[in-house]
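Data first, discussion second: the structure below is written as structure tokens.
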Amino acid sequence: MKNYRVNVNGTVYEVSVEEIGANEVKAAPAAAPAAKPAAPAAKPAAPAGAGEKITAPMPGNILSVNVSAGQEVKKGDVLMVLEAMKMENEIMAPKAGKVTSVAVSKGSTVATGDLLCTVE
């Protein structure tokens with residue numbers, strides 16, 4: 001067993017992974033094809049919302065949007081308020097910069113990982 005510490009979106013998990021021997025690999029079902037690495041996708045042109053992507057940390061409803069595209073923000077400024085499980089969560093700017101795009105509006109419903117805005 002090998003132990004690893006994995007960081008997923010700021011949450012640290014400790015996981016154990018079992019190393020399998022060569023005999024175990026050969027015993028795998030024949031129907032399982034070997035995985036091939038995906039070819040790298042062509043890099044698209046930079047969108048109007050260039051910069052650091054701010055995503056929804058959980059599913060919920062957008063109660064308010066406090067910024068607009070082109071607005072300068074400071075680290076820690078409240079960009080928007082997300083209601084989840086009857087709690088209001090302030091989504092704050094991770095750094096100082098300019099808001100390059102806002103992808104949601106008041107009343108929008110978002111899922112975990114949905115783009116909220118970008119800050120450059």
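The values are calculated or read from the model by the stated rules, or taken from the named source; none is laboratory data. Note that the structure is a prediction, hence the values are computed from the model and not measured. Note: ideal-geometry Cβ built from the backbone for every residue, glycine included; neighbour counts use all protein chains shown.
Brief remarks on what is shown
- Matching residues in segment 77-102 - criterion: being of a type in the set (A, V, I, L, M), more than 13 Å from Pro59 (Cα to Cα) and surrounded by fewer than 16 Cβ atoms within 10 Å (Cβ to Cβ): Val78, Met92, Ala96
- Segment 62-72: number of residues that are under 13 Å from Ser101 (Cβ atoms) and either surrounded by 13 or more Cβ atoms within 10 Å (Cβ to Cβ) or in contact with a helix residue (DSSP H, G or I) (Cβ under 8 Å, 6 or more places away or on another chain) (or both): 4
- Selection status of Met80, on the phi > 0 side of the Ramachandran plot and at pLDDT 80 or above: no
- The set of residues in segment 91-110 that are in a strand (DSSP E or B) and farther than 15 Å from Gly70 by Cβ comprises Ile91, Met92, Thr109, Val110.
- Filtered residues of segment 79-120 (kept if of a type in the set (A, V, I, L, M, F, W, C) and more than 18 Å from the chain's Cα centre (by Cα)): Met85, Met87, Ala96
- Filtered residue count, segment 71-90, keeping only those that are in contact (Cβ under 8 Å) with a residue 24 or more places away in the chain, assigned to a strand (DSSP E or B) and out of contact with any Gly (no Cβ under 9 Å at 6 or more places or on another chain): 3
- Every condition in (1) outside any strand (DSSP E or B); (2) touching a residue at least 60 places away in the same chain (Cβ under 8 Å); (3) among the polar types (S, T, N, Q) is met by Ser68 except one, and the failing one is (2).
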